[in-house]
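Following: one structure in structure tokens, then a few remarks.
The values are calculated or read from the model by the stated rules, or taken from the named source; none is laboratory data. Not measured: the values here are computed from a predicted model. Here the Cβ positions follow ideal geometry from the backbone for every residue, glycine too, while neighbour counts run over all protein chains shown.
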Amino acid sequence: MENLIALLIAAPLLGAAVLLCGGRRFDRVGHLLGTALAATSFVIGAALFANMLTKSVDDRALHQKLFNWIDVGGFQADIAFQLDQLSITFVLLISGVGTLIHVYSIGYMEHDERRRRFFGYLNLFLAAMLLLVLADNYLLLYFGWEGVGLASYLLIGFWQHKPSAATAAKKAFLVNRVGDIGLSIAIMLMFTTFGTFAFGPVLGSVGETSEGMLTAIGLMLLLAACGKSAQVPLQSWLGDAMEGPTPVSALIHAATMVTAGVYLIVRSGAIFNAAPDAQLVVVIVGAVTLMFGAIVGCAKDDIKKALAGSTMSQIGYMILAAGLGPIGYVFAIMHLVTHGFFKAGLFLGAGSVMHGMNDEVDMRKYGGLRKYMPVTFVTFGLGYLAIIGFPGLSGFFSKDMIIEAAFAKGGTEGWILGSITLLGAAITAFYMTRVMLMTFFGEKRWQPDAEGHLPHPHESPKSMTIPMIILAFGSVFAGGFFSIGDRFLNWLEPVTGWDHGHAPISATTVTAATVVALLLGVSIAWVMYGRKARPVPVVAPRGSVLTRAARRDLLQDDFNHVVLVRGGEHLTRSLVYVDHTLVDGVVNGTAASVGGLSGRLRKLQNGYARSYAVSMFGGTAVLIAATLLMRAV
Amino acid sequence: MSATAVHSLWTTAAGPIDKIQAPDIEYAQLAPVLIVVGAAVVGLLVEAFMPRKARYHAQVFLTVLAIVASFAAVLGLAEAGYGTTKVRIAAMGAIAIDGPTLFLQGTILLASLVAVFTFAERKLDPETHGTKIDSFVAQAAAVPGSENEKQAVKAGFTTTEVYPLTLFAIAGLLVFPAANDLLTLFISLEVFSLPLYLLCALARRKRLMSQEAAVKYFLLGAFSSAFLLFGIALMYGYAGSVAYARIADVVDGSIRTIDPVLADTMGNDALLLIGSAMILMGLLFKVGAVPFHMWTPDVYQGAPTPVTGFMAAATKVAAFGALLRLLYVVLPGMSWDWRPVMWGITIATMLGGAIVAITQTDIKRLLAYSSIAHAGFILAGVIAVTPEGVSSVLFYLGAYSFVTIGAFAVVTLVRDAGGEATHLSKWAGLGRRSPLVAAVFAVFLLAFAGIPLTSGFSGKFAVFKAAAEGGAGALVVVGVISSAIAAFFYIRVIVLMFFSEPKADGPTVAVPSVMTKMAIGMGVVVTVVLGVAPQYFLNLASQAGVFVR
């Protein structure tokens, strides 16, 4: 069975190779081939999952070693895979949602002449992401980590003819670089500390390592997670990444890649458990991002950017849960999976709306679409209900667990975190209701596009609606399925461990509070955007200081510009000055003197055999004299 | 006085004639040399008896065949364990058959094979008077610019004698690193030197320069041979023998019996020191070490470029082989005496070659100085006096010789109306016009500079590592500095080729025949393979790195 693991990765990798290197002859079948290979991966994953279910809890993990990758003295790295409960959860999510989004893209990208390439990149992404979650050591994980970064870069900038898309791709790449440095430093620290990269030995020997070192490794891993998962302070790229085609936003920048940071932290749980300081920082990052994303999501008029803010905020929830330690790991992953369903569904719905509205993204120019796009409306609506945590739907269960876990952290910390997660839930309800109302309800505010055509919204083709419907099913039922009888908890607990913490208030109270927060958020949104008496203005009003800041992503770019770009420029300039005067002076001076010496020595080579002979004679004399002298000394 | 009595004043009656002891010759172990010598003799017969038209093909075929057969013999000997377990001293103590011998002979033969390919190239120049012409003069005896010469060109003469000459040179080169006594050393040196002097004089273009180079080479070579021979005489005086093993025994004191004939001189340290210094000088001249290097630029520039490539590669390999054997077999007992001196020479060679190369404007002279600098790097490995020193030098020599021949082969391709365009200014913008040729040359230059993933890096790393472990850390520092200086002029050529505007009347790149393509191709392949995956060859060199005594 374990021999199938490599096939999981090989299928999409083959697709990427064929589609990207095969050239034009695959133009006509490229999208089908790519989709088929993604589906192959899912089928293999499902088979492995079914096989895993038949085994006892203790020997569910499978290992496959392909070959020895690097073997230099003490430096050993293998191409080896590990498939355990945590990995298979990701495998199913990635390949399942991935396949659906491949199908969706067939319709969505139909008129794009570079569709084959698009599917090649999607396959490449799948292969890299599967490698990331299947690797059995940090070095190979890093390989997958960089691979998804590359695929993300290529796909954000897929419409590279748009300067904004090219810039956004570059921005995502650069910001991710900062995080990747964290991961590479963490791996180096691991190597110096443990002498290996493999999960088993590294995580197994945490007990013998100083807490300081573990904190350092943990913080570096967190930096990596911040980059990939768009957490404060490395969050700035995610909003711009929405320049990519919508299926990309759904797959990479909502459902899977951006959750890699959560995977990394949960996978490295043993390190964080032994480094409380690092864990505290994780929680703080999660809490701050949770609020940050939610606030940004409230102010955005661009439907995809509003959803991006929401993604950031929801991942904040997951990171926060992961930072709680064993209390929260399982729920972080559970929320990750349910979020994968409903957020992918929401993005696909947004893509469907854009498809019908001449690629308009400004929600102020939507309105009243529910009649024109019924399937999109219903699936989007179910995703909406799931994300705000409407009782009984997926998000309700998973988010509620995180809120409970936050309280269960105990002490003041528990109260603070619990309140923040509750407040976040209210804001989530607010901004998602706002999106819903502005898009599907109210008056038509449609505007003619650049060529003067009014949009004619229409339902999208079947290839697009069917994935949306399937995802809607996931949005509705996944949470309940996972929670009833603690299925998900029992499934993951052997890998991540679990601790029920010290809840200061009962679970029922928390649930009630969550529902109140939800109702509060929805009502405020309805008051502001839903009433006929107060139609949504087509041109955004000036808004308060906070609104304006939130529209600018809470000034993240301004902050980066002033602190990092300007600071960097000053630093560069001063370094260039030192380089020009001091370093170049020395270098050029040396070069000039060597050159001068060369010119002078060259004159010795005058072309006369007689002077050459003299030089040889003299040389021999010196040679003999020196030899004799050596003996004399 | 009787007739008999008168006669007995200046003659004496002979005793009974002793039977001459027939020397014991191990033909099988000497086969690599014998094959080449035999082929050379056959080559002379070909010159004498074959019609002119047929000679070229016959000679090229014969030469290539001989080299391949000889290489096969070397492989066979290595396979039979003569490099490792069955090392021996053959031919009555004259020739050592051991790992270094076989490794170097193999290297020399491969380098020679590649060089012969460049010798045989006849497509670079257009046909004149219906004859394909190569790099060599129509008739060597014709005075440059004379009526005689014109007639020879018109008659379509070619100097096919170069092939037997080359074979003789190869034979000498094969014996040189294997020589196990000083006289064999001297004779093999002359055997390869004399044909090389001649070959240097045979350039088709710029004949005066070529002849000047040959005369200089000959004069200075003779001068250094005189030193070498004198050194051998002194050494004989010291040790009472020319055999390496015996000298070594006397040096380290394990033989104390004094030959009564040499009672006055034997064991006199002054003779040993002066003699060894002079022998060293003779070998250092051949490797082109400062201050015995001054012939190199002039000869490299004047000689026909294929010959230059051959000399730069094969001669250097053989000379370093002989030097290694001398220092490791004969003189290890006095390494305290020669090491400081060799340190000085190594430093001077590394720095001197690298510094003077900076201001060169002719590509062949540039490569000549580069070869001097490389001789310095190899010397750093030589004086490590450890087994790693030997194996690193062997590896370096193998790597370096292919880069060198390849580089000189590329030089033959870049041509203008006057033949090869060797002035650097003419190479400007070559990368725009002939990207492939320029890229190949860039690979060679990067290998010379020792950039990783080329054989140059692996080799340099090996010798510097050996030198550092042999206690010559300071030498390594100087070596790295020299490498940095040297990188400047290598990279400068790359910059010139790729980042300068091509000149309007710049040279053209000739399309060579499959011969030169093979030579360059082998150079590139070896350069890259030894750069990317050197371990197998490093292991081979380290297996081969033990001398027989």
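Within the stretch B:444-475, work out how many residues are over 23 Å from the mean Cα position of the chain (by Cα) and either surrounded by fewer than 21 Cβ atoms within 10 Å (Cβ to Cβ) or outside any helix (DSSP H, G or I) (or both).
11
Tell me whether the stretch B:114-129 contains one or more residues that are part of a loop (DSSP other than H, G, I, E, B), of a type outside the set (Lys, Arg), in contact with a strand residue (DSSP E or B) (Cβ under 7 Å, 6 or more places away or on another chain) and more than 16 Å from B:Ile35 (Cα to Cα).
Yes, because at least one residue in the stretch B:114-129 is part of a loop (DSSP other than H, G, I, E, B), of a type outside the set (Lys, Arg), in contact with a strand residue (DSSP E or B) (Cβ under 7 Å, 6 or more places away or on another chain) and more than 16 Å from B:Ile35 (Cα to Cα).
Would you check if there is a residue in the stretch B:235-243 being over 30 Å from B:Gly418 (Cα atoms), crowded, with 18+ Cβ neighbours inside 10 Å and within 11 Å of another protein chain (Cβ to nearest Cβ)?
no
Are there helices (runs of 4 or more DSSP H) fully within the stretch B:198-306 with at least 3 residues that are within 22 Å of B:Phe176 (Cβ to Cβ) and without any contact (Cβ under 8 Å) to a residue 40 or more places away in the chain? List them.
B:207-239
With the structure loaded, tell me whether A:Thr89 is among the polar types (S, T, N, Q), in contact (Cβ under 8 Å) with a residue 24 or more places away in the chain and in contact with a Pro (Cβ under 9 Å, 6 or more places away or on another chain) or whether it fails that test.
For A:Thr89, the condition - among the polar types (S, T, N, Q), in contact (Cβ under 8 Å) with a residue 24 or more places away in the chain and in contact with a Pro (Cβ under 9 Å, 6 or more places away or on another chain) - is not met.
So, restricting to helices (runs of 4 or more DSSP H) that lie completely within the stretch A:539-633, which ones have at least 1 residues that are of a type in the set (S, T, N, Q), more than 14 Å from chain B (Cβ to nearest Cβ) and out of contact with any Ser or Thr (no Cβ under 9 Å at 6 or more places or on another chain)?
Result: A:545-551, A:567-578.
Residues that are within 14 Å of chain A (Cβ to nearest Cβ), modelled with pLDDT under 95 and under 20 Å from B:Leu326 (Cβ atoms): does the stretch B:195-215 have at least one?
Taking every residue of the stretch B:195-215 in turn, none turns out to be within 14 Å of chain A (Cβ to nearest Cβ), modelled with pLDDT under 95 and under 20 Å from B:Leu326 (Cβ atoms).
Among B:Val410, B:Val477, B:Val440, B:Val414, which is away from every other protein chain (no Cβ under 14 Å), under 30 Å from A:Ser593 (Cα atoms) and β-branched (Val, Ile, Thr)?
Of the residues listed, the single one that is away from every other protein chain (no Cβ under 14 Å), under 30 Å from A:Ser593 (Cα atoms) and β-branched (Val, Ile, Thr) is B:Val477.
Taking the stretch B:55-93 as the search range and keeping residues that are in contact with a Leu (Cβ under 8 Å, 6 or more places away or on another chain) and not in a helix (DSSP H, G or I), which one is surrounded by the most Cβ atoms within 10 Å (Cβ to Cβ)?
Filtering the stretch B:55-93 for residues that are in contact with a Leu (Cβ under 8 Å, 6 or more places away or on another chain) and not in a helix (DSSP H, G or I), the one surrounded by the most Cβ atoms within 10 Å (Cβ to Cβ) comes out as B:Gly83.
Consider A:Asp400 against the criteria (1) under 22 Å from A:Val516 (Cα atoms); (2) in contact with a helix residue (DSSP H, G or I) (Cβ under 7 Å, 6 or more places away or on another chain); (3) surrounded by fewer than 17 Cβ atoms within 10 Å (Cβ to Cβ): it satisfies all of them except one. Which criterion is unmet?
Against the list (1) under 22 Å from A:Val516 (Cα atoms); (2) in contact with a helix residue (DSSP H, G or I) (Cβ under 7 Å, 6 or more places away or on another chain); (3) surrounded by fewer than 17 Cβ atoms within 10 Å (Cβ to Cβ), A:Asp400 comes up short only on (3).
Could you list, in sequence order, the residues of the stretch A:409-428 that are surrounded by 23 or more Cβ atoms within 10 Å (Cβ to Cβ) and modelled with pLDDT under 90?
Matches in the stretch A:409-428: A:Lys409 only.
Which count do you get for residues in the stretch B:273-310 that are more than 10 Å from chain A (Cβ to nearest Cβ) and in contact with a helix residue (DSSP H, G or I) (Cβ under 6 Å, 6 or more places away or on another chain)?
So the answer is 16.
What is the one condition in (1) buried (at least 22 other Cβ atoms within 10 Å of the Cβ); (2) within 14 Å of another protein chain (Cβ to nearest Cβ) that B:Ile247 does not satisfy?
Going through the list (1) buried (at least 22 other Cβ atoms within 10 Å of the Cβ); (2) within 14 Å of another protein chain (Cβ to nearest Cβ), B:Ile247 breaks only (2).
Look through B:Pro177, B:Pro144 and report the one residue that is assigned to a loop (DSSP other than H, G, I, E, B) and in contact with a Lys or Arg (Cβ under 9 Å, 6 or more places away or on another chain).
Just a single option satisfies the conditions, and that option is B:Pro144.
Every residue in the stretch B:340-386 that is closer than 22 Å to A:Leu628 by Cβ and part of a helix (DSSP H, G or I), please.
Matches in the stretch B:340-386: B:Pro340, B:Val341, B:Met342, B:Trp343, B:Gly344, B:Ile345, B:Thr346, B:Ile347, B:Ala348, B:Thr349, B:Leu379, B:Val382.
State all residues of the stretch B:12-54 that are surrounded by 12 or more Cβ atoms within 10 Å (Cβ to Cβ) and under 10 Å from B:Thr160 (Cβ atoms); if no residue qualifies, say none.
Within the stretch B:12-54, B:Gly43, B:Val46, B:Glu47, B:Met50, B:Arg52 qualify.
May I ask you to list the residues in the stretch B:402-439 that are in a helix (DSSP H, G or I), among the small types (Gly, Ala, Ser) and without any contact (Cβ under 8 Å) to a residue 24 or more places away in the chain?
Matches in the stretch B:402-439: B:Ala439 only.
Are any residues in the stretch A:494-503 surrounded by fewer than 17 Cβ atoms within 10 Å (Cβ to Cβ) and either within 28 Å of the chain's Cα centre (by Cα) or closer than 15 Å to A:Asp400 by Cα (or both), and if so, which ones?
Once the filter is applied, which keeps residues that are surrounded by fewer than 17 Cβ atoms within 10 Å (Cβ to Cβ) and either within 28 Å of the chain's Cα centre (by Cα) or closer than 15 Å to A:Asp400 by Cα (or both), the stretch A:494-503 yields A:Pro494, A:Gly497, A:Asp499, A:His500.
From the list A:Gly239, A:Gly244, A:Gly297, which residue is buried (at least 24 other Cβ atoms within 10 Å of the Cβ), farther than 26 Å from A:Lys409 by Cα and in contact with a His (Cβ under 8 Å, 6 or more places away or on another chain)?
Residue meeting the stated conditions: A:Gly244.
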